[in-house]
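Q: Before I ask anything, let me first share the structure, which is written out below as structure tokens.
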Amino acid sequence: MTVAGHSGDTGLLTDWADDQRYTTRRARRGSAAPVARGGLRFAFYGRVSTQDFQDPESSRAWQRSVADEVISGKGSVVAEFFDHGYSRRTAWPDRPQAAVLLAALADPECGFDAVVVGEYERAFFGDQLTQLLPLLAQHGVQLWLPETNGPVDGADPTHQALIMLLGTQSKREVLRSRFRVLAAMQAQVREQGRYLGGRPPYGYRLADAGPHPNTAHARWGRRQQRLVPDPVTARHVQWIFAQRLAGRSASSIAHESNDRGVPCPSSADPARNPHRTGAGWTLRTVATILANPRYTGRQVWNRQRIDHDPAADRRGQRAVLRWNQPPDWVISKTLAHPVLVSEDDFVAAQAITATPAPADRTTRTYTLVGLLRCRTCGRRMDSHWVHQRPGYRCRHGHTSAKPLAPDRPKTLYLREDHILARLTRQLDQLRVCDQTARLDPTELANYLRARNITILCDADTCTLDASAPDGPEAQLIS
């Protein structure tokens, strides 16, 4: 029920408690003067990084409560900006709500005079605040922090030192938490063979493995999971390894799987693969299965890592996912789930290669590898031996694992010696480099790579790519 004289989102008891708080503060200060209502107009900013393991509403509430304490008696919050599911590493322009706040700064009628946050680490990481302060100052907007108990003064040496300390502390907190979590996960895999989540590999499905080992989580009803063979797909994983051990290429295995109508991983489990098309088997799909050591029954963790580049973080770029080498893997000491492939067969499969070798056992050298791109589809051209000479081709995305599309352009073939002759002549005419005509093919290729020059090719022409930052203007190479 709404009480007359009070807004609908608060109650009589809450208003009374607030009045008592102001009365108590006045008594402690020995002043009977009332606390000024109104004052500065604040925009509150908060953030919660994970929605699966945190309650966004609870997090927003405590951050807002701390912010209200900071600005108590100085003004009130008139706007809220709260980001859900974004890491503190993410730059402000790449957080949706933070980006809206930044855009509002340029509007003279934005409606607020200052920004307040409930905790430094919830809003900033590293030197993000140092970069933000000049922008706020440009628009005449203050920033209030609990750590400064008021507005931040970018010209105050004490505040400057505090900002540097808080930025370093935010990094330290991330590194310390990461170290503890990674160390615990390594022990859980190596000593216990624990399944740590993620999509089960093709050929397995998830099954219940009893109560969670953490007593509190077990009381909440959480259960462990383990991998068990999938009755439909497990036998196909075994068939793939058997074919590989017989010497077949990944491409031919994928091609036969498509011909037999075997569901590929994304079509066999679409709920766990919403980012895949499910169109069919590819060479890469087969190669990924052949390289997965978990089919041996061992739990294997840390096959991939996420590289964080501080410079990329400042530019708002995404972290890069990379593959670790086998010495960096964490492997369980004992078998953790049923075996689909023996360890002997898995190790033997890793040593098999279907790459054809020259009959004379000589090493083939491709001087322009990585420099040529197909003008038709934009793909990087593959090295390809043509009539006993190095050459390059583009099949426009076609592989032997897929049937030929009727509208696919004709495969592009180019001989390396023809390309080198054109490049040497034309670059010399353009005076790109006075010494170009006297460079040998390897030096010429190094010259192009050093200047980020690539070459767009079709059946008739090759063109220097003008988008290279240090490259010359695009010129036709006939």
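Throughout, read-outs are computed from the coordinates displayed, never taken from laboratory work. Model, not experiment: these values are computed from the prediction. As a convention, Cβ positions derive from the backbone with ideal geometry for all residues, glycine included, and neighbour counts pool all protein chains shown.
Q: Assuming a ≥ b ≥ c are the square roots of the Cα gyration tensor eigenvalues, decide whether the stretch 99-150 counts as rounded (a/c under 1.5), prolate (otherwise, with a/b larger than b/c) or oblate.
A: Because a/c hits 1.5 or more and a/b exceeds b/c, the stretch 99-150 counts as prolate.
Q: Starting at 0 and stepping by 10 Å, how many percent of the alpha carbon pairs of the stretch 110-211 end up in each bin?
A: Distribution as computed: 12, 32, 17, 14, 15, 9, 0 percent.
Q: From the backbone phi of the stretch 376-382, what are the Karplus-calculated ³J(HN,Hα) couplings (6.51 cos²θ - 1.76 cosθ + 1.60, θ = phi - 60°) in whole Hz, Gly and Pro given as x?
A: Computed from phi, the couplings for the stretch 376-382 are 6, 10, x, 6, 6, 7, 7 Hz.
Q: Return P(r) of the stretch 50-159 (all Cα-Cα pairs; 10 Å bins starting at 0; whole %; ordered from short to long distances).
A: Pairs per bin, as whole percents: 12, 48, 35, 5, 0.
Q: Then there's this: I want the local charge near residue 224. Using Cβ-Cβ distances under 11 Å, sum +1 for each Lys or Arg and -1 for each Asp or Glu among the other residues.
A: Details: positive: 194, 222, 223, 226; negative: 208.
Residues near residue 224 contribute +3 overall.
Q: Between rounded, prolate and oblate, where does the stretch 164-311 land on the alpha carbon gyration tensor, with a ≥ b ≥ c its root eigenvalues, rounded for a/c under 1.5, else prolate if a/b exceeds b/c?
A: Verdict is prolate for the stretch 164-311.
Q: Per 0.36 nm of contour for each residue apart, how much would the distance between residue 320 and residue 212 grow if the chain were fully extended, relative to their Cα-Cα spacing?
A: The span from residue 320 to residue 212 would gain 35.7 nm if fully extended.
Q: Could you please report the charge total around residue 180, scoring K, R as +1 and D, E as -1 over all other residues with beta-carbon less than 14 angstrom from its beta-carbon?
A: Surrounding charge for residue 180 is +2.
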